[in-house]
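Colleague: Provided herewith is a single structure, encoded as structure tokens, for subsequent inquiry.
Read the figures in this text as sums done on the coordinates, not as results from a lab. For clarity, every value in this text was computed on a predicted model and none was experimentally measured. Positions of Cβ are backbone-derived with ideal geometry, glycine not excepted, and every protein chain shown enters the neighbour counts.
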Amino acid sequence: MTAPEDVPGGGRSPSIVSYLQLFESAGILVLLAVVVLVASVITTGFFTYANLTNIAINAAIVAVTGLGMTFAIAAGGMDLSVGSLQALTAIVASALLHVTGIPVALLGALLVGGACGLLNGLLITRLQMPPFVATFGMMSILRGVSLLVTNGQSVMITGTPSYALINNGRVFGLPVPLVIVLVLWALLQLVLRHTPFGRHVCAIGGNAKAAVVSGIKVERTTLLVFAIVGLTAAISGVMLSAQLLIVDGTLGAGFELQTIAIAVLGGTSLAGGSGSLTGTLLASLLLATLSSALNIFKVAAFYQYLYLGILLVAALYLDTLRRSLIASSLLRRE
Amino acid sequence: MTRASTAPQAEPGREPPFLPRAHDFLGGLVRFALRYYIHVLLLAALVILSAVNANFRTSANFENILLQSSFAGIGAAGMTFLIIAGAFDLSVAGMLGACGIVLALLSPQLGGLPAAIVVVVLGMGLGFLNGLVVTRMRIPAFIATLGMMNVYLGVAFIATRGQVLPIDSELLMDLGTNSLLGFIPFPFLVMVAIYVAAAFLLRRTIFGRQVRAVGSSPNAARTAGIPVDRVRIAAFVLVGFCTGVAGVLLTGELSSANAIMATGYELSAIAIVVVGGTSLKGGSGTVSGSFTGALFFSVINNALNIFGVGAYWQYVISGVLLITAIGVQVVRGYVREEESARERAT
């Protein structure tokens with residue numbers, strides 16, 4: 001069943017669906033406003049410039065991969081290997097910085113990310129594996145490789161102070177990570193909404209068999225989708241390494257959960273067939289704001305596992321409710 | 001409901017990638033290897049490793065292999081049911097940590113055995129909770145249980161503040177570390193008992209048949225009057241039971257518990273089941289395959305240790321084995337397709 005709201009050309013399907021969509025985007029904004037309000041009333045440190053910048057940067061790092069994940073979910077799949085890939089690409093970038101300059105380091109990380117994404121895609125298309133099993137296996141492999149290449153040690157980034165600009169630099173007064181995520185959002189939005197490729201992604205996620213029959217090159221499109229996810233994981237790996245300036249093989253544990261959670265919270269249905277990149281962006285902001293507020297309240301880091309898990313299950317339950325609502329409204333119209 | 005009908009479907013018009021002709025010797029060999037490949041692999045690994053390494057073929061090492069196979073193996077027994085029923089549980093690592101911690105907290109007050117029983121019941125309760133989330137909230141199992149894993153881990157961390165909790169119950173430590181006749185570890189005995197019961201449950205009971213029916217086609221099962229949701233929930237409870245038992249044994253073996261004591265447990269359990277030949281599409285699978293798979297993984301990890309290969313390789317090997325096993329399933333699907341086509345032709 002295709003949720004009509006985000007399928008290009010499906011915008012004319014009326015009433016309840018469009019209300020639902022409005023409510024969803026508004027829902028996240030309302031939640032965000034509530035969290036901001038509560039945090040700023042109860043604490044003093046929340047509305048400082050430094051803290052807001054921090055929230056934006058943390059949101060950006062998750063959102064970059066979340067945007068890629070939105071593509072994968074829209075295509076009816078998902079990628080569980082992004083956390084391990086984030087670690088691996090952060091390590092590749094940091095290691096390359098010791099021998100070459102920044103451009104080569106960035107290129108190296110992106111190449112590794114894209115290649116691993118392609119490998120995921122090959123496993124899924126050539127071996128016809130369910131995406132989550134293939135990427136689950138890759139998650140383990142890439143985690144092992146990350147730990148192996150670093151031998152379990154940390155890698156420091158020293159000697160290239162300008163690398164940190166990727167994290168704390170400014171363009172037109174905006175933090176660089178925010179600029180990166182906004183540019184990526186605009187680009188991917190364009191691809192998803194206004195190119196044949198974007199329409200094919202939604203078509204495959206909506207009904208893979210119908211997509212095959214209508215002549216869409218499913219294999220190539222799927223490959224490309226997972227390559228995009230790999231690239232976005234690499235970008236967030238670079239951003240994370242620039243933020244931490246010290247990386248190790250354990251980075252990014254649970255990152256796949258966060259990215260899936262923001263995509264689903266943002267209104268992208270796990271059923272596939274549609275994707276809301278803007279929703280993903282807003283949801284990442286909500287998640288980062290919540291984390292920051294909890295930090296300021298000095299809630300122990302352990303609780304973050306708990307609330308992330310509950311948030312994910314709650315978001316998925318909302319997705320279920322929404323789908324059955326849409327289904328029943330469609331039935332009624334018939 | 002035949003097994004062939006639930007094997008990975010070969011798409012029409014696509015040639016199997018690397019399969020020799022059926023009638024010649026090589027083709028027969030490939031087919032034999034595909035059916036019994038995990039048993040062949042285990043045997044080959046045992047023979048080769050025993051031949052090349054003197055440290056491998058000691059009785060102490062074999063005892064160790066049996067011991068190490070039992071923790072993930074017990075979890076894999078429950079997981080076999082769940083995967084045949086067409087679902088997954090990725091929360092078992094968090095569940096096992098939570099069970100271990102509750103055991104460490106309760107055993108001083110209740111004594112070893114009552115605490116162990118409470119913990120196994122707790123495991124079943126958590127499995128029931130997973131089942132409810134998956135069936136009642138209608139969330140895909142793997143993503144729902146990924147969320148629940150974080151919930152369990154979070155609770156376990158909060159309860160212990162991230163500390164390691166020691167246990168002092170003699171009984172539990174004996175259970176985790178001692179052996180029958182000096183070479184059959186108790187956890188392995190428990191594992192054998194669980195697998196015998198599981199094989200009986202899957203092959204000889206109505207419930208086993210229902211599990212297979214639900215996995216191979218939920219809609220057909222529902223039409224046939226099988227309570228699909230209840231069967232799925234029961235499979236989740238079985239996973240919880242096995243995880244609880246494994247939690248008791250692992251806590252006994254380590255003589256302590258902490259939240260992350262079982263990191264990667266879900267991967268090992270699922271990899272064992274898949275390597276053992278259970279189809280990820282649900283509906284078909286064998287308990288004995290999982291048993292062999294558990295031993296195989298234990299032998300491989302043991303060999304890695306003996307040859308001084310770092311622990312990090314185990315992540316890589318588990319992942320590669322998982323992906324390879326699914327590749328084998330795909331090829332198997334082609335073989336079945338081809339065989340049934342030939343049967344129809346004759």
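Colleague: Kindly indicate whether B:Gly162 is touching a residue at least 40 places away in the same chain (Cβ under 8 Å) and on the phi > 0 side of the Ramachandran plot. Write out each step before concluding.
Modeller: Numbers: touching a residue at least 40 places away in the same chain (Cβ under 8 Å): yes; on the phi > 0 side of the Ramachandran plot: yes.
Yes: the conditions hold for B:Gly162.
Colleague: Just to verify a result, which residue in segment A:112-163, among those that are more than 10 Å from chain B (Cβ to nearest Cβ) and part of a loop (DSSP other than H, G, I, E, B), is farthest from A:Leu245 (Cα to Cα)?
Modeller: Once the filter is applied, the top-ranked residue is A:Gln153.
Colleague: If a residue must be under 21 Å from A:Gly27 (Cα atoms), surrounded by fewer than 18 Cβ atoms within 10 Å (Cβ to Cβ) and either of a type in the set (Lys, Arg) or within 14 Å of chain B (Cβ to nearest Cβ) (or both), how many such residues does segment A:272-306 contain?
Modeller: 1
Colleague: Here is a further query. Kindly list, by first and then second residue, each pair from a residue in segment B:319-346 that is within 19 Å of B:Ile38 (Cβ to Cβ) to a residue that is in a helix (DSSP H, G or I) and among the polar types (S, T, N, Q), limited to pairs with Cβ atoms under 6 Å and residues at least 6 apart or on different chains.
Modeller: From segment B:319-346, the pairs are B:Gly319/A:Ser140.
Colleague: With segment A:222-334 as the region, which helices (runs of 4 or more DSSP H) entirely inside it contain at least 1 residues that are without any contact (Cβ under 8 Å) to a residue 40 or more places away in the chain and within 30 Å of A:Pro161 (Cα to Cα)?
Modeller: Hits in segment A:222-334: A:277-296.
Colleague: Residues of segment A:64-84 being buried (at least 24 other Cβ atoms within 10 Å of the Cβ) and more than 13 Å from the chain's Cα centre (by Cα), which ones?
Modeller: A:Ala75, A:Gly77, A:Ser84
Colleague: Same structure, new question: Of all residues being away from every other protein chain (no Cβ under 12 Å) and of a type in the set (A, V, I, L, M) in segment A:70-87, which is farthest from A:Gly272 (Cα to Cα)? Just the residue, please.
Modeller: Of everything passing the filter in segment A:70-87, A:Leu85 is farthest from A:Gly272 (Cα to Cα).
Colleague: Going through segment A:190-239 one residue at a time, which ones are small (Gly, Ala, Ser), under 24 Å from A:Ile180 (Cβ atoms) and surrounded by 24 or more Cβ atoms within 10 Å (Cβ to Cβ)?
Modeller: A:Gly230, A:Ala233, A:Ala234, A:Ser236, A:Gly237
Colleague: Looking at B:Ile260, B:Ile272, B:Ile233 in this structure, which one is β-branched (Val, Ile, Thr), assigned to a helix (DSSP H, G or I) and within 14 Å of chain A (Cβ to nearest Cβ)?
Modeller: Numbers: B:Ile260 fails: assigned to a helix (DSSP H, G or I); B:Ile233 fails: within 14 Å of chain A (Cβ to nearest Cβ).
Exactly one of B:Ile260, B:Ile272, B:Ile233 is β-branched (Val, Ile, Thr), assigned to a helix (DSSP H, G or I) and within 14 Å of chain A (Cβ to nearest Cβ), namely B:Ile272.
Colleague: Let me ask something else about it. Go through segment B:100-202 and tell me which helices (runs of 4 or more DSSP H), entirely inside it, have 2 or more residues that are within 20 Å of the chain's Cα centre (by Cα) and closer than 21 Å to B:Ile270 by Cα.
Modeller: B:112-136, B:141-160
Colleague: Sticking with this one: What is the residue count in segment B:291-318 for residues that are in contact (Cβ under 8 Å) with a residue 40 or more places away in the chain, assigned to a helix (DSSP H, G or I) and more than 14 Å from chain A (Cβ to nearest Cβ)?
Modeller: Residues meeting the conditions: 11.
Colleague: If you don't mind, there's one more thing I want to ask. Give the residues of segment A:192-221 that are of a type outside the set (Lys, Arg) and outside any helix (DSSP H, G or I), sorted by residue number.
Modeller: If we filter segment A:192-221 for residues that are of a type outside the set (Lys, Arg), which is where we start, we get A:192, A:194-198, A:200-208, A:210-216, A:218-219, A:221.
Once the filter is applied, which keeps residues that are of a type outside the set (Lys, Arg) and outside any helix (DSSP H, G or I), segment A:192-221 yields A:Thr195, A:Asn207, A:Ser214, A:Gly215, A:Ile216.
Colleague: So A:Thr250 clears everything in (1) away from chain B (no Cβ under 14 Å); (2) over 23 Å from A:Ile124 (Cβ atoms); (3) surrounded by fewer than 24 Cβ atoms within 10 Å (Cβ to Cβ) except one condition, right? Which one?
Modeller: All conditions are met except number (1).
Colleague: I need every pair where a residue in segment B:259-272 that is more than 15 Å from B:Ala294 (Cα to Cα) has its Cβ under 7 Å from the Cβ of a residue that is crowded, with 24+ Cβ neighbours inside 10 Å and of a type in the set (Val, Ile, Thr), sequence separation at least 6 or different chains.
Modeller: B:Ala259/B:Ile101
Colleague: Let me ask something additional. Starting from residues that are within 16 Å of A:Thr232 (Cβ to Cβ) and not small (Gly, Ala, Ser), keep the ones in segment A:108-130 and report whichever is surrounded by the most Cβ atoms within 10 Å (Cβ to Cβ).
Modeller: Among those that are within 16 Å of A:Thr232 (Cβ to Cβ) and not small (Gly, Ala, Ser), it is A:Asn120.
Colleague: Are any residues in segment B:190-214 aromatic (Phe, Trp, Tyr) and within 15 Å of B:Ile83 (Cβ to Cβ), and if so, which ones? Spell out the reasoning first.
Modeller: Initial filter on segment B:190-214 (aromatic (Phe, Trp, Tyr)): B:195, B:200, B:207.
Matches in segment B:190-214: none.
Colleague: Inspect all residues belonging to segment B:75-94 and state whether any of them is surrounded by fewer than 21 Cβ atoms within 10 Å (Cβ to Cβ), more than 14 Å from chain A (Cβ to nearest Cβ) and within 25 Å of B:Glu253 (Cβ to Cβ).
Modeller: No, every residue in segment B:75-94 fails to be surrounded by fewer than 21 Cβ atoms within 10 Å (Cβ to Cβ), more than 14 Å from chain A (Cβ to nearest Cβ) and within 25 Å of B:Glu253 (Cβ to Cβ).
Colleague: To continue, here is another question. Please give the number of the condition B:Phe200 fails out of (1) without any contact (Cβ under 8 Å) to a residue 12 or more places away in the chain; (2) within 14 Å of chain A (Cβ to nearest Cβ).
Modeller: Of (1) without any contact (Cβ under 8 Å) to a residue 12 or more places away in the chain; (2) within 14 Å of chain A (Cβ to nearest Cβ), only one is false for B:Phe200: (2).
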